[in-house]
Amino acid sequence: MSAIVIKIVQERRAQRHAALDARDPGSKMEAELWKRVLWTLLMIDMKVSMIFGSPRGIPTYGFDLEHLIECDDEYWEHDDPNQAFIQPPGKPSSVAYWNHYVKLVKITTFAHDVLFSEHDWQPWKRMGISSHAWKQKAVIEIDSDLNKWVESIPDHLRWDPHTQNEIFLAQSSVLYTTYYWLQIQIHRRFIPRPGQKPLLSFPSLAICSNAARACVHIAESCLKRIFVTHPHFLIPLSSSAIVLAVNIWRGKRVDSDFNPQNDLLDINRCITLLRLYESRCEALLK
């Protein structure tokens, strides 16, 4: 459905920044609302593509929208036109979350295109390197982008389970669980099979397991205080439970003294949290 709507938007050329401004150059408010609509469609398209492996309705290079203005809705209008769209100093905007979420999803689509694309474009041949070396360079680059992203998170969105602002708590939990979920997506395909040599120089299973544990604990801390109605946590929690199950199975094969107790507790946490969404997302949980 999102792809169909995006095609309609493309026909009207509203996805292009210049065309967007041309709709009504005097209405900054209308332009900002259009940006919100378009970014929402693009985010749905990107996430569906990443989760289900389907082609995107519009490629990343097919739009050049600016990020949203980090100003809450109540400050869009002002008696003095020069003061419109200005966020009061010292008051963080709730819109900052969306801009950082967009940046993270862009990294997600880049990882999807580079590591999971089924097209036989074989870029490593053009670079004169092996497939192994290409994947190593790609993972290093994506991990670097993720590190830069997490360092750029503003203070009010950094993970703090004790924050008093429930809106920022929910936003922070979505950002960080998405971040850890993406770490799992990047490294899970490089987890070696039993007896197989590691595909890359990274400890992929350890990275995925640590990300899964962090994801579970953040989701649990958030949902103990507030219920996030949007089913964002379903896929990160499901992926985390699978990774931890693999870690238990692998740990028992490698080390007879391996204690799976903590990972089993985290898997049970995943199941408990997923059950909170049974009445809302029954089809997704089957």
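Read-outs: derived from the displayed coordinates by stated rules, not from any lab. The shown structure was predicted, so the numbers you read here are calculated from the model rather than taken from an experiment. Neighbour counts run over all protein chains shown; Cβ positions are idealised from the backbone, glycine included.
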The range 245-283: chymotrypsin sites (Phe, Trp or Tyr not before Pro) in DSSP coil with no more than 16 other Cβ atoms inside 10 Å: PHE258
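Set the Förster radius R0 to 22 Å, insert the Cβ-Cβ distance between LEU264 and ALA206 as r into 1/(1 + (r/R0)^6), and round the FRET efficiency to 0.05.
Efficiency, rounded to the nearest 0.05: 0.80.
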Charge context of LEU264, other residues only, Cβ under 13 angstrom, K/R +1, D/E -1: +1
Most to least packed among 145-152, 232-239 [average Cβ atoms within 10 Å]: 232-239, 145-152
Added length on full extension, which subtracts the Cα-Cα distance from 0.36 nm per residue, SER279 to SER54: 78.3 nm
Environment charge at VAL243 (Cβ cut-off 14 Å; Lys +1, Arg +1, Asp -1, Glu -1): +3
Order of ARG158, ARG213 under a 10 Å beta carbon neighbour criterion, fewest first: ARG158, ARG213
Those lysines that a straight Cα-Cα span of less than 28 Å connects to LYS135, excepting residues fewer than 8 apart in one chain: LYS47, LYS103, LYS106, LYS125, LYS148, LYS197
For the range 70-81, 3J(HN,Hα) per residue [Karplus equation, 6.51 cos²θ - 1.76 cosθ + 1.60, θ = phi - 60°, Hz, x = Gly/Pro]: 7, 8, 5, 4, 5, 10, 5, 10, 7, 4, 9, x
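Return the FRET efficiency for the residue pair LYS137, LYS106: r is the Cβ-Cβ distance, R0 is 30 Å, and the value is rounded to the nearest 0.05. Walk me through the numbers before you get to the answer.
Details: r = 19 Å, r/R0 = 0.64.
Taking R0 as 30 Å, the efficiency between LYS137 and LYS106 is 0.95.
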Proximal charge balance of TRP98 [Cβ under 11 Å; K/R count +1, D/E count -1]: +2
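What is the fewest-to-most order of HIS187, HIS67, HIS230 by other Cβ atoms lying within 10 Å of their Cβ?
Ascending number of Cβ neighbours within 10 Å: HIS230, HIS67, HIS187.
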Label point distance in nm, ILE271-HIS162, each placed 7 Å from Cα along Cα→Cβ: 3.3 nm
Loop-resident sites, the range 35-112, for GluC sites (Glu not before Pro), counting at most 14 other Cβ within 10 Å (DSSP): GLU66, GLU77
Footprinting exposure proxy for ASP64, ASP72 (fewest neighbouring C-beta atoms within 10 Å first): ASP64, ASP72
Kirkwood Rh and Cα Rg combined as Rg/Rh, the range 132-285: 0.99
Estimated FRET transfer efficiency (LYS197, TRP249; beta-carbon r; R0 25 Å; 0.05): 0.85
Separation in nanometres of the label points that stand 7 Å from Cα toward Cβ, at TRP76 and MET43: 1.6 nm
